[in-house]
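The values are calculated or read from the model by the stated rules, or taken from the named source; none is laboratory data. From a predicted model like this one, the values you see are computed outputs, not experimental measurements. All Cβ positions, even for glycine, are placed from backbone atoms using ideal geometry, and neighbour counts span all protein chains on display. Calculation scope for accessible area: heavy atoms of the full protein, side chains included, ligands and nucleic acids excluded. Shrake-Rupley method; radii C 1.70, N 1.55, O 1.52, S 1.80 Å.
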Amino acid sequence: MNEQLKLGLPKGSLQEATLALFKKAGWNVSVSGRSYFPGIDDDTITCALCRAQEMAINVENGTLDVGLTGRDWIGEYQSDVHVVTDLVYSKVSAKPARWVVAVAYDSPVKTLEDLQGKTVSTELVGVTKRFFAERGIDVKVKFSWGATEAKVVSGLADAIVEITETESTIKAHGLRVIHELMQTNTQLIANRDAWADPAKREKIEEMAMLLKGALVAGQLVGLKLNVSKANVEKVVGLLPSLHAPTVAHLYQSDWLSVETVVDSGAVRDLIPCLLKEGAEGIIEYPLNKVINK
Ligand SMILES: Nc1ncnc2c1ncn2[C@@H]1O[C@H](COP(=O)(O)OP(=O)(O)OP(=O)(O)O)[C@@H](O)[C@H]1O
Ligand SMILES: O=P(O)(O)OC[C@H]1O[C@H](OP(=O)(O)OP(=O)(O)O)[C@H](O)[C@@H]1O
Ligand SMILES: [Mg+2]
């Protein structure tokens, strides 16, 4: 690659989770002081921090070759970019976040149609206008700079269209969700010319593969245990795995070592069952990457 790859990292809600993901994928990104140009331990890449809202615009116009942002903001500007891959994580979890229509708990509004003629406050103006227009519901959409939930409480709007992940902000303001507009997750997007350039495309594809591998690994753990030959079938039968588990002989013994990868959420229930079926010396370890062809 002759030129460095210009990578945009989202400043704000997605920043921390994105830098942690890059670290797991193999890149150390160092954000220092007030600079919006972090360092990265890869000579073929230059980094810039960019608001999630502006990322797709900057990738579309070539200021950046590649960037990460939410599907919501790509849709808001209907940006002409190449979506390389979905990376399903949000601010605090590895799940999508949801854009919802919410009203005050005691509001007479029960359905979307009840919002006819009313005021809706949101940061996501374009998507919201299109959403109501498609349904023939005439609402006044007012742009919100943030703290949008407060606008229903203070009577500035009849409803909001707002993002929620844990629902803690919705609940803290006594709001009621009446409809889900869409789910959103992080995506890796590329500029169309960068994607057409073979060297850049190869680098972007490698990046996508390693980021996905790191993300998948976050939901899995490695599990290793010993079991006697007599009990191995019962123990292996309990193990869900990416492929068949690896079974190896222990030196000068009738015992076997079994190694596999399982869903981290399943381990709590799985370990007691494995013990009951004769497993011993169980170890669980975190994984950095899981790469599947
Ligand atoms: N829990 C969350 N809350 C808000 N945005 C989230 C959350 N999880 C993921 N996102 C994504 O983060 C992006 C918005 O991030 P950004 O930091 O630019 O806005 P913000 O959170 O409103 O920033 P600010 O801290 O200035 O309010 C969107 O693409 C959104 O989908
Ligand atoms: O469902 P939750 O987990 O509570 O997360 C969603 C909240 O987080 C974001 O607020 P942000 O911190 O961006 O503040 P803002 O409203 O000032 O943009 C978003 O706008 C919601 O208010
Ligand atoms: Mg916000």
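I57 - would you say it is within 23 Å of G146 (Cα to Cα), open to solvent by 20 Å² or more (accessible area, probe 1.4 Å), within 16 Å of ligand 1 (Cβ to nearest atom) and out of contact with any Leu (no Cβ under 9 Å at 6 or more places or on another chain)?
So I57 fits the description; yes.
Okay, residues lined up against (1) more than 29 Å from L19 (Cβ to Cβ); (2) without any contact (Cβ under 8 Å) to a residue 24 or more places away in the chain:
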| residue | (1), (2) |
| --- | --- |
| A190 | no, no |
| K200 | no, no |
| K203 | no, no |
| A244 | yes, yes |
| L250 | yes, no |
| L256 | yes, no |
| C273 | yes, no |
| K293 | no, yes |
Residue among I45, I57, I74 that alone is without any contact (Cβ under 8 Å) to a residue 40 or more places away in the chain, outside the structural domain of T164 (by TED's automatic domain parsing) and closer than 18 Å to L188 by Cβ: I57
Residues in segment 207-229: is at least one within 16 Å of ligand 2 (Cβ to nearest atom) and in contact (Cβ under 8 Å) with a residue 12 or more places away in the chain? no
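Looking at E206, E259, can you tell me which residue is more than 16 Å from ligand 1 (Cβ to nearest atom) and in contact with a Lys or Arg (Cβ under 8 Å, 6 or more places away or on another chain)? Step through it out loud before you land on a result.
Numbers: E206 fails: in contact with a Lys or Arg (Cβ under 8 Å, 6 or more places away or on another chain).
Selected residue: E259, the only one of E206, E259 that is more than 16 Å from ligand 1 (Cβ to nearest atom) and in contact with a Lys or Arg (Cβ under 8 Å, 6 or more places away or on another chain).
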Counting only residues that are of a type in the set (V, I, T) and open to solvent by less than 20 Å² (accessible area, probe 1.4 Å), give me the strands (runs of 3 or more DSSP E) lying completely in segment 85-192 with at least 2 of them. 97-104, 119-122, 159-164, 186-190
With respect to A199, determine if the residue is in a loop (DSSP other than H, G, I, E, B), more than 27 Å from K118 (Cβ to Cβ) and small (G, A, S). no
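Against the definition (crowded, with 18+ Cβ neighbours inside 10 Å and in a loop (DSSP other than H, G, I, E, B)), how does L64 come out, yes or no? Step through it out loud before you land on a result.
Numbers: crowded, with 18+ Cβ neighbours inside 10 Å: yes; in a loop (DSSP other than H, G, I, E, B): yes.
When the stated conditions are applied, L64 passes them.
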Is there a residue being within 16 Å of ligand 2 (Cβ to nearest atom) and within 26 Å of F132 (Cα to Cα) anywhere in segment 13-32? no
Which one of these is over 30 Å from T44 (Cα atoms), part of a helix (DSSP H, G or I) and either open to solvent by 50 Å² or more (accessible area, probe 1.4 Å) or in contact with a Leu (Cβ under 9 Å, 6 or more places away or on another chain) (or both): V232, V216, V247? V232
Taking the residues in segment 1-38 that are in contact (Cβ under 8 Å) with a residue 24 or more places away in the chain and farther than 21 Å from L215 by Cα as candidates, determine which candidate is most open to solvent (accessible area, probe 1.4 Å). N2
Considering only segment 239-266, state which residues are farther than 11 Å from A279 by Cα and of a type in the set (A, V, I, L, M, F, W, C). L239, L242, A244, V247, A248, L250, V261, V262, A266
